[in-house]
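Q: Structure incoming, see below.
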Amino acid sequence: MTARATPTVDGLRVWVLDFPTDTPEADGTATWTSTTMVLVRAGSGSTAGYGWTYGAAACADVITDLLAEHAVGGSAFDVPAANEAMHRALRNAGRPGAGGYALSAVDIALWDLKARLLDLPLTDLLGRARDSVPVYGSGGFTTYDDHPLEAQLRSWVEQQAIPRVKIKIGEGWGTREARDLARVRKARQVIGPDAELYVDANGAYTAKQAVRLARRFEELDVRWFEEPVSSDDLGGLARVRDAVTVEVAAGEYGFTLPYFAAMAPHVDCLQADATRCGGITVWLRAAALAQAHGLEVSGHCAPHAHAHAAAAVPNLRHLEWFHDHVRIETLLFDATLDPAGGELHPGHDGAPGLGLTPRQDVLERHTRTTGTAP
């Protein structure tokens, strides 16, 4: 019997895409009016897989200049091997930051490609641990006044029946506490007593300030306090977590497993972002690491990049149905997922890979630059 040849990765194509926000957006520590996506196409013959990250345009140069040679020409089935080779190639350039974002986009594209070559939904290739994936509505930017905040919250809770939502707080690096509290009260009033309410300070507060405010949030049944202090302040996270009943979460800026291992003892739920931490390969390992610490894992942003992997994780809490990224992914891709009822059902339509195909007209309209490698 003659062994069938293993398909190889023929090449990578990279786009830098810019998407203006629908209105100016801000959280506790940053403001923005557009979002940049770096999109990767990994090809093998006539089959293509897609991956992406939300980061600086420089990620595209990292892919073409440093990473492509370690993916192109290799087996399209050996994604972990490509991931490890790309990881080593970033030793001097830097694995955290743009390097990690770039590696993640390629890794996601390679997993999508492998599943498409095998004609399987990615969640079936990975193996399901669950049939559906819970999500929470996320947005509530500090730039919103009462009207847009209420409209967004109602769209999630009433129109889509998502039973958990999150808003941004910590406005002005924690200098507008009264408005933070007023917005949390408004959110609770709008969503009613039954939906879960989360808040995200994006590291804007000091530890004692966060404890003081968290005790006020407890009165409004806030269940989740994300990055009450900087995620680099592990001691501060632990002090907040130990002082309040609200669950403390962090981890979206994790790029390596040692980072997640150091953070895990100091939070109630570990977050990880597949578009930053090293793609689906490392995101699954971060989820296993969380489980080893008795924790659940939550996928940060980019819900369509996470959904299939999330269905393979037994200790999943939920995915972030982030307004900005949902808007972009729904605009760019065909066949995006429906969050009705607060659950996604990745792979249920039988489409191979992530099940997404870019719309050519949208791709052309929002492209800043494009390149091929090698």
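The values are calculated or read from the model by the stated rules, or taken from the named source; none is laboratory data. Quantities reported herein were computed from a predicted structural model and do not represent experimental measurements. Neighbour counts are summed over all protein chains in view; Cβ atoms, including those assigned to glycine, are modelled from backbone coordinates with ideal geometry. Areas reflect the complete protein model, heavy atoms only, side chains present, ligands, DNA and RNA absent. Shrake-Rupley method; radii C 1.70, N 1.55, O 1.52, S 1.80 Å.
Q: In segment 86-98, which residues are surrounded by 16 or more Cβ atoms within 10 Å (Cβ to Cβ) and farther than 21 Å from Pro303 by Cα?
A: Correct list: Met86, His87, Ala89, Leu90, Arg95.
Q: Does any residue in segment 115-134 that is within 13 Å of Pro314 (Cβ to Cβ) and small (Gly, Ala, Ser) come within less than 7 Å, Cβ to Cβ, of a residue that is at pLDDT 95 or above and open to solvent by 50 Å² or more (accessible area, probe 1.4 Å) six or more places away or on a different chain, and which pairs are these?
A: Listed pairs, sorted by first residue: Ala129/Pro314.
Q: Now, a different point. Every residue in segment 289-301 that is surrounded by fewer than 24 Cβ atoms within 10 Å (Cβ to Cβ) and assigned to a helix (DSSP H, G or I), please.
A: Those that are surrounded by fewer than 24 Cβ atoms within 10 Å (Cβ to Cβ) and assigned to a helix (DSSP H, G or I): Leu289, Gln291, Ala292.
Q: Let me ask you something else. With the requirement that a residue be outside any loop (DSSP other than H, G, I, E, B) and either among the β-branched types (Val, Ile, Thr) or touching a residue at least 40 places away in the same chain (Cβ under 8 Å) (or both), what does segment 262-284 give you?
A: Scanning segment 262-284 gives Cys269, Gln271, Gly279, Ile280, Thr281, Val282, Leu284.
Q: Among Ala187, Ala214, Ala238, which is the only one that is out of contact with any Phe, Trp or Tyr (no Cβ under 9 Å at 6 or more places or on another chain), of a type outside the set (D, E, K, R) and surrounded by fewer than 24 Cβ atoms within 10 Å (Cβ to Cβ)?
A: The conditions single out Ala238.
Q: Here's something else I'd like to know. Asp324: out of contact with any helix residue (DSSP H, G or I) (no Cβ under 9 Å at 6 or more places or on another chain), of a type in the set (Asp, Glu) and touching a residue at least 40 places away in the same chain (Cβ under 8 Å), yes or no?
A: Yes: the conditions hold for Asp324.
Q: Of all residues in segment 119-154, count the ones that are in contact with an Asp or Glu (Cβ under 7 Å, 6 or more places away or on another chain) and surrounded by fewer than 21 Cβ atoms within 10 Å (Cβ to Cβ).
A: Residues that pass the stated criteria total 3.
Q: Still on this structure, I have one more. Looking at Tyr253, Tyr259, which is the one that is open to solvent by 10 Å² or more (accessible area, probe 1.4 Å), hydroxyl-bearing (Ser, Thr, Tyr), touching a residue at least 12 places away in the same chain (Cβ under 8 Å) and closer than 19 Å to Leu103 by Cα?
A: Tyr253
Q: Scan segment 217-242 residue by residue and report those that are assigned to a helix (DSSP H, G or I) and more than 16 Å from Val199 (Cβ to Cβ).
A: If the condition is that a residue be assigned to a helix (DSSP H, G or I) and more than 16 Å from Val199 (Cβ to Cβ), then Leu234, Gly235, Gly236, Ala238, Arg239, Asp242 are the ones that fit.
Q: Continuing with this model, one more query. When segment 302-344 is examined, which residues are found to be open to solvent by less than 10 Å² (accessible area, probe 1.4 Å), under 21 Å from Phe19 (Cα atoms) and not in a helix (DSSP H, G or I)?
A: Those that are open to solvent by less than 10 Å² (accessible area, probe 1.4 Å), under 21 Å from Phe19 (Cα atoms) and not in a helix (DSSP H, G or I): Ala302, Glu320, Phe333.
Q: Just to check your reading of the model, which residue among Val211, Val240, Val229 is in contact (Cβ under 8 Å) with a residue 12 or more places away in the chain, among the aliphatic types (A, V, I, L, M) and closer than 18 Å to Glu171 by Cβ?
A: Val229
Q: Please determine whether any residue of segment 360-370 is at pLDDT 95 or above, within 17 Å of the chain's Cα centre (by Cα) and either surrounded by fewer than 24 Cβ atoms within 10 Å (Cβ to Cβ) or within 21 Å of Gly137 (Cβ to Cβ) (or both).
A: Checked segment 360-370: no residue is at pLDDT 95 or above, within 17 Å of the chain's Cα centre (by Cα) and either surrounded by fewer than 24 Cβ atoms within 10 Å (Cβ to Cβ) or within 21 Å of Gly137 (Cβ to Cβ) (or both).
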